Amino acid sequence: MATIVMLEALAFGLNHLSAAARRREIDLVLLTFDRDYYRRQLAGDDYLRVVDVDTLDIDAVHAALDALGEVSGLISNTDTWAHTAATLADKYGFPNVTQDVSLLRDKVWVRNRVADAGLSAGRGVRGSDWAGQSEHALHIVKDAEGTGSKHVRLADGVTSVAEAIAALRDHDVPADRITVEPYAYGPLYSAETFSTESGTVLLGINSRTMSELPQFRELDLTFPFGRGSRWEAGVAEWVAQVLAGIDRGTGFSHVEFVDTADGPELVEVNARLGGGLIGEGIRAAGGIDPFELLLLQATEPHLDSRHLAAVRRTPATGGYAQVLKYASKAGTLGNVLGAEDLARFPGDIEWHPLKDSASSIESIDDQRACYGFLTATGPSPETALHRAHAAARHLRTTEPGVPR
């Protein structure tokens, strides 16, 4: 039996990975420094093995791998541990683990490489190189390696850009890791893709509803948006060129873009499966099992279109939607009320909590304030979204110890 190791994981999807490993008779092992983080996902799972190790200490990870004996492959699907995974793959010969991580996570390098190829109009400037000259009024100033909308600021004018750079530096983001980019006007989407030696396949597009400016919180997503349309075909061609232009290599990519009046404008490329419940949406409505594909990526040295065909499934629904629930103030989250009514709603409503009642909310300005996801299905993405919002408005929080 082949042994596959996961170096930490996303917040959701472990149950599907474990089920796929059981079907394929793979010994699946999770290395983690925080077993409690996966408590909900691990509940009732008697197949997935968990090894407690300080995954931020590469020497400790080496020792844990060696103690497992022969390991055939490594699943790496997080940003934080991508560098460690690349180092491990180089030492142990694990196939299809993303290399050149530093470049792919550098939003300035990626954006300008894509712009040089004529696939994006806006260029990025490092905070350390910002000279106060720009033809654009609005800019986005953010951490060039950041995630989860943390440290993303809207800047109106040259003085505002300088103030935003200074504010990020006050939060310990070095100036050369800050990117200043022109603001793109239009709705935000993400293209979910998988690249093999045969090329890049578009698995589908997620729509986004965003919060009021100047915040950049994601409020909801629907999948698959625009399925079968000429617009989707155009996005598929564009994103394949973008990924080829940055030498993405094998694996999933989560490519965020704005649909401007002049066509798609790149926001960022994440060289992994999308976070949140994007994998669940692809599995339910996209026609493939992305979690089983992660296992194939870890076990098959050379992936091509045949491997994608092997994980295709008949979609269980026409559309999948998720609504993110956010705390309204910083401090202790409190109890989440209303979940007992969700079964009354159509759409296979599910509540996926991220935080407990005692969790501390540090900031309400970004994704860190999200305390859970509510998902729904429907015959179309639009119907699924309406069902999700109808149910999500019944969820609310209260202070710990305060009766309903």
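The values are calculated or read from the model by the stated rules, or taken from the named source; none is laboratory data. All figures in this text were calculated on a predicted structure; none of them were measured in a lab. We place every Cβ from the backbone using ideal geometry, glycine too, and count neighbours over all the protein chains shown. When the accessible area is computed, the model is the full protein with side chains, heavy atoms only, and any ligands, DNA or RNA have been set aside. Shrake-Rupley method; radii C 1.70, N 1.55, O 1.52, S 1.80 Å.
Would you confirm, using the coordinates I've provided, whether Leu294 is outside any strand (DSSP E or B), modelled with pLDDT of 95 or more and under 28 Å from Leu374 (Cα atoms)?
yes
Among the residues of segment 244-251, is there at least one that is closer than 26 Å to Phe373 by Cβ, in a strand (DSSP E or B) and within 14 Å of the chain's Cα centre (by Cα)?
There is at least one residue in segment 244-251 that is closer than 26 Å to Phe373 by Cβ, in a strand (DSSP E or B) and within 14 Å of the chain's Cα centre (by Cα).
Return the pair list, or none, for Cβ contacts closer than 6 Å from residues in segment 80-106 that are closer than 20 Å to Leu295 by Cα to residues that are open to solvent by 30 Å² or more (accessible area, probe 1.4 Å) and part of a helix (DSSP H, G or I), at least 6 apart or on different chains.
Thr84/Ile58
Name the pairs whose Cβ atoms lie under 6 Å apart, with the first residue in segment 340-356 and without any contact (Cβ under 8 Å) to a residue 24 or more places away in the chain and at negative phi, the second aromatic (Phe, Trp, Tyr) and surrounded by 16 or more Cβ atoms within 10 Å (Cβ to Cβ), and 6 or more positions between them or separate chains?
The qualifying pairs are Lys355/Tyr371.
Out of the residues in segment 259-287 that are in a strand (DSSP E or B) and within 25 Å of Gly372 (Cα to Cα), state the one that is nearest to the chain's Cα centre (by Cα).
Of everything passing the filter in segment 259-287, Asn270 is nearest to the chain's Cα centre (by Cα).
For residues that are among the aliphatic types (A, V, I, L, M) and at pLDDT 95 or above, scanning just segment 211-233, find the one that is farthest from Tyr326 (Cα to Cα).
Ranking the candidates gives Ala233 first.
Tell me which of these Thr55 doesn't satisfy, since it passes every other one: (1) open to solvent by 30 Å² or more (accessible area, probe 1.4 Å); (2) at pLDDT 95 or above; (3) assigned to a loop (DSSP other than H, G, I, E, B).
Here Thr55 clears every test but (1).
Contact list please: Cβ distance under 7 Å, first residue in segment 218-238 and over 14 Å from Gly274 (Cα atoms), second residue part of a loop (DSSP other than H, G, I, E, B) and not aromatic (Phe, Trp, Tyr), pairs at least six apart or on different chains.
Leu219/Ser211; Glu232/Gly226; Trp238/Leu119
Just give me the residues in segment 122-160 being surrounded by 16 or more Cβ atoms within 10 Å (Cβ to Cβ), among the small types (Gly, Ala, Ser) and modelled with pLDDT of 80 or more, in sequence order.
Gly122, Gly124, Gly127, Ala144, Ala155, Ser160
Determine which member of the set Leu31, Leu65 is open to solvent by less than 20 Å² (accessible area, probe 1.4 Å) and either under 25 Å from the mean Cα position of the chain (by Cα) or basic (Lys, Arg) (or both).
Result of the check over Leu31, Leu65: Leu31.
Can Arg248 be described as open to solvent by 20 Å² or more (accessible area, probe 1.4 Å) and either among the basic types (Lys, Arg) or farther than 30 Å from Ala390 by Cα (or both)? Lay out the reasoning, then the answer.
Numbers: open to solvent by 20 Å² or more (accessible area, probe 1.4 Å): no; either among the basic types (Lys, Arg) or farther than 30 Å from Ala390 by Cα (or both): yes.
Taking the combined requirement at face value, the residue does not satisfy it.
Just for strands (runs of 3 or more DSSP E) wholly inside segment 163-219: which have at least 2 residues that are under 25 Å from Glu382 (Cβ atoms) and open to solvent by less than 10 Å² (accessible area, probe 1.4 Å)?
The strands (runs of 3 or more DSSP E) meeting that bar are 188-196, 199-210.
Looking at (1) in contact (Cβ under 8 Å) with a residue 24 or more places away in the chain; (2) touching a helix residue (DSSP H, G or I) at 6+ places or on another chain (Cβ under 6 Å); (3) not in a loop (DSSP other than H, G, I, E, B), can you tell me which one Arg123 breaks?
Every condition holds for Arg123 apart from (3).
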